[in-house]
Every structure is written in structure tokens, then in C-alpha cells.
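Student: Before anything else, here's the structure in question.
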Amino acid sequence: GVRAANLVREAVAGESGAASRFLDSLADRLTIGVASVVAVLDPGCVVLGGEVGQAGGAVLAARVAERLGRMSPLPTEVRASVLGGGAVLRGALLMARDAAQDELFGPPSSR
């Protein structure tokens, strides 16, 4: 949540060894999950979303990308989200709206 994002933001802004070790550890953990998704879906690009991904920005994304490159033969770009935590909900609402419009106003389906 917000507390985790604040910790990540502070680590990105910090220049201490502890901040760097924290980001390395976070990137290690994130990369395990990202590698699992990449192995199944081969998306070509992964966005670190939510508050933590946004707080980590390019610094965290670069760490994950470097580790992912060592773990997976599939070329995958890693980016940080520029959208807030509500992006997934907004996307879901837009998809639902589009589906409803297609259902109401689209051509008749052949059932």
C-alpha cells in the first residue's frame, strides 16, 4: 500500500548501501513473479504497476529487467507504471463499458 510505496520512494531517493540493498532485494522478489508470467505469456513488455511500481520508477524497473535478462531467454522490456493504483479498475470499467455497448448496439450475433 501507501507505506510500501513510501519505503520504495525513499530507497530510490537514497544513496546509502542499505537503500541499494533494499531495492536489490525487492527486485529479486519481483523478478521471480515476472519470470513466471513471461515464461507462460511471453508478453514482450511487463509494466510494474500499482503504487510500488510507480514509486520504484525506472530505477526499480532497470533492476528487474537486468535480473530478468539473466533468468529468461525471452526478450522482455520492463517499465514502471506512470498510472496510479486505480489504473486497473479504470481499465476494467472501460472494457465493461465497451462490451455493454457492443452487446446493445453491435450487429446481431448468429446464435
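Student: Mind checking the angle between helix 2-13 and the chain's longest principal axis? C-alpha axes, 0 to 90 degrees, to the nearest 10.
Tutor: Once rounded, one gets 50 degrees.
Student: Still on this structure, please answer the following. For the chain, what is the accessible area per residue in Å², given a 1.4 Å probe and the full set of protein chains?
Tutor: 68
Student: With no solvent and one point per C-alpha, what does the Debye sum give as log10 I(q)/I(0) for region 2-83 at q = 0.14 Å⁻¹?
Tutor: -0.42
Student: Quick one: with all protein chains in place, what share of the accessible area of the chain is carbon or sulfur, to the nearest percent (1.4 Å probe)?
Tutor: C and S atoms contribute 61 percent here.
Student: To test your reading of the geometry: what angle, between 0 and 90 degrees and rounded to tens, separates the Cα axis of helix 17-41 from the longest principal axis of the chain?
Tutor: It is inclined by approximately 30 degrees.
Student: Let me ask another. Distance in nm between label sites at Arg21 and Leu93, each 7 Å beyond Cα in the beta-carbon direction?
Tutor: Roughly 4.3 nm, to one decimal.
Student: Between Leu104 and Ala58, 0.36 nm times their residue separation minus their Cα-Cα distance comes to what? Numbers along the way, then the final one.
Tutor: Numbers: separation 46, 0.36 × 46 = 16.56 nm, distance 4.21 nm.
Extra length from Leu104 to Ala58 when fully extended: 12.3 nm.
The values are calculated or read from the model by the stated rules, or taken from the named source; none is laboratory data. What you see is a predicted model, and the numbers here were worked out from it, not measured in a lab. Ideal geometry is used to build each Cβ from the backbone, glycine not excepted, and the neighbour counts take in all protein chains shown. Side chains included, ligands, DNA and RNA excluded: accessible areas come from the protein's heavy atoms. Shrake-Rupley method; radii C 1.70, N 1.55, O 1.52, S 1.80 Å.
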